[in-house]
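Participant: Okay, here's the structure, questions in a sec.
The values are calculated or read from the model by the stated rules, or taken from the named source; none is laboratory data. Computed from a predicted model, the values in this text were never measured in an experiment. Counting neighbours? That spans all protein chains shown, and the Cβs are built from the backbone with ideal geometry, glycine included. The accessibility values were calculated without ligands, DNA or RNA, using every heavy atom of the protein model including side chains. Shrake-Rupley method; radii C 1.70, N 1.55, O 1.52, S 1.80 Å.
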Amino acid sequence: MKQPKSKATIGILSTLIAYVSVNSWLKTHRPDLFVWHPLDKENAEWVATSKSWVDRKACRWFGVCGGSHMHFSRHEMRPRPDYTTLQQNTVSEGNWDWQNAWTDSEDRPEDWTSEEKVLREIPEYVLEYAPLVHLFSGEQYWPCDIAEHLYHIHPQLNYTAIESESEHPTLWNLNKYNEYQRGKWVFLTSKDDPEEHPDWLGGQKNIPNMPSGPDDDFADNDGWIHHPGRTYMQGLRDALGDMKDWFGAGHAFDDSADLQESATAARAHANLLKEAQDDYHQELKRDEGSEPHRLRGGRSDAPAVLVTVSKGHGIVDAFWFFFYSFNLGNSVFNVRFGNHVGDWEHTAIRFHHGEPKAMFFSEHNFGSAYSYDAVEKIGKRPVVYSAVGTHAMYATPGGHPYVLPWGILHDRTDRGPLWDPALNSHAFTYDHKKDIVRASNMTPHAPTEWFNFAGHWGDKFYPLGDKRQYRFAGQYHYVNGPLGPKFKNLGRKKICGGPESQACIIKHWLGGEAKTGRLRQNGEEADLYAAELEQLGIQR
């Protein structure tokens, strides 16, 4: 009995020694093989911050970093307040500073030239088709005001404070920190420990107030009837017939591969058609013959940011940005990864001669694009779903797996508070070719300096020696805060947010997998589909 045990022990030890040796050699001679995350480029310095020899070696050899800090996800979220307590928030004396920061401009619209007025104009159709956002019913970190956010942070160059913690930047001077290495390594670091969940980080006071009900008396009530998204076959001809005019935004678009993939990837099955048509808001369902129920979105004290970008040839992109002071990462096997201070999310609507054609939903470092006809609407306005904690934006409620297989890592959305960002927003126009941002005719006194800040809107990912930090399988508990709206590829030619060389798949139906592919058709369906494509001049 002893001999087999001895051989097994020798085999295990030999395997372990070989693994550690090969792993160490590769990390020394091929460190690029271990860069799974942008933060890994600073791996050597990051690991060295731990005072524990065991921790450093476990991290280098086995990829388990900060194991003693690792803990199971805790549910410290406060319960969502009752809607009856969330009517219009009053401005208290303590927050006067940031509430007025948006209107202290010395800019005088009456001095604008005729040309300047044109450059600053927000087209009426942008607001006519402004999105409505369903926040998650059990959200803990709600929309926030960037002016208030700046009141609670102090800028650091990497981990070194640039100025006294008693000072804080404002919307009017934030761009001055670009003087430090062009702002790239400047981090707007929280004065408070995020693990203590300070009130300003949660933004509960900014939960949208109670929307108007179906019996309330307000103008254009008929325009607020809910409509489910259209499916592929309903919108194919409208969506693709004129795609070559607006898809490429300002340059000749002749890449038929994109066009073909957009068409074939979006073919829906019959059950998805029925599901999309039946998927009404629960609160808006009605009995046959009764008056249609209607719902209007509520106002949040946290302003959204609207940026319109003219691409020429009648194409205008309207970017709606939403800011949150904290991003709560998702859990894998009850261990949380991906927290960060500061969170910018956005959706973009592409218009062609005033008509909405397509819509982009940002999802972490990627996103999805849909034809306008495909998305769910209330009246004319598209409906967006914000994921709990991460605030990623989706076109449907439910679960949304990403990155890891089998849905291990996923976002969740539902029909929580309905937020109408058009009721409180600051609007700007941006010339992406000349890199000029202007306060618009809607909010002419809004500052623009903050828009040009090139740094991060949150903390730098914490060192390994920090008890709040750990890493496992290449995923960090805390990551860097994000860059601002200016760095979200506002000049994109295609509506998708990825590289221009990447295919831009525009979905024409709701439901199914996030990753679309070519779906099989049979018999009559295939013949009908081929005829549709042939009429549009698309080769299969």
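Participant: What about Lys191, is it closer than 18 Å to Asp343 by Cβ, more than 22 Å from the chain's Cα centre (by Cα) and modelled with pLDDT under 95? Can you show your working first?
Facilitator: Details: closer than 18 Å to Asp343 by Cβ: yes; more than 22 Å from the chain's Cα centre (by Cα): yes; modelled with pLDDT under 95: yes.
Yes, satisfied.
Participant: Having 2 or more residues that are open to solvent by less than 10 Å² (accessible area, probe 1.4 Å) is the bar; report the helices (runs of 4 or more DSSP H) wholly within segment 99-163 that clear it.
Facilitator: On the way: elements: 114-119, 124-128, 146-151.
In segment 99-163, 146-151 are the helices (runs of 4 or more DSSP H) which contain 2 or more residues that are open to solvent by less than 10 Å² (accessible area, probe 1.4 Å).
Participant: Okay, next question. For Lys176, only one of the following conditions fails: (1) in a helix (DSSP H, G or I); (2) open to solvent by less than 10 Å² (accessible area, probe 1.4 Å). What is its number?
Facilitator: Every condition holds for Lys176 apart from (2).
Participant: Let me ask something else. If only one of Phe326, Phe361 is surrounded by 22 or more Cβ atoms within 10 Å (Cβ to Cβ), on the phi < 0 side of the Ramachandran plot and out of contact with any Ser or Thr (no Cβ under 7 Å at 6 or more places or on another chain), which one is it?
Facilitator: On the way: Phe361 fails: out of contact with any Ser or Thr (no Cβ under 7 Å at 6 or more places or on another chain).
That would be Phe326, the only listed residue that is surrounded by 22 or more Cβ atoms within 10 Å (Cβ to Cβ), on the phi < 0 side of the Ramachandran plot and out of contact with any Ser or Thr (no Cβ under 7 Å at 6 or more places or on another chain).
Participant: Anything in segment 472-506 that is in a strand (DSSP E or B) and either without any contact (Cβ under 8 Å) to a residue 60 or more places away in the chain or open to solvent by less than 20 Å² (accessible area, probe 1.4 Å) (or both)? List them, or say none. Reasoning before the result, please.
Facilitator: At the first step, the residues of segment 472-506 found to be in a strand (DSSP E or B) are 472, 475-476, 478, 483, 506.
The answer is Tyr476, Tyr478, Ile506.
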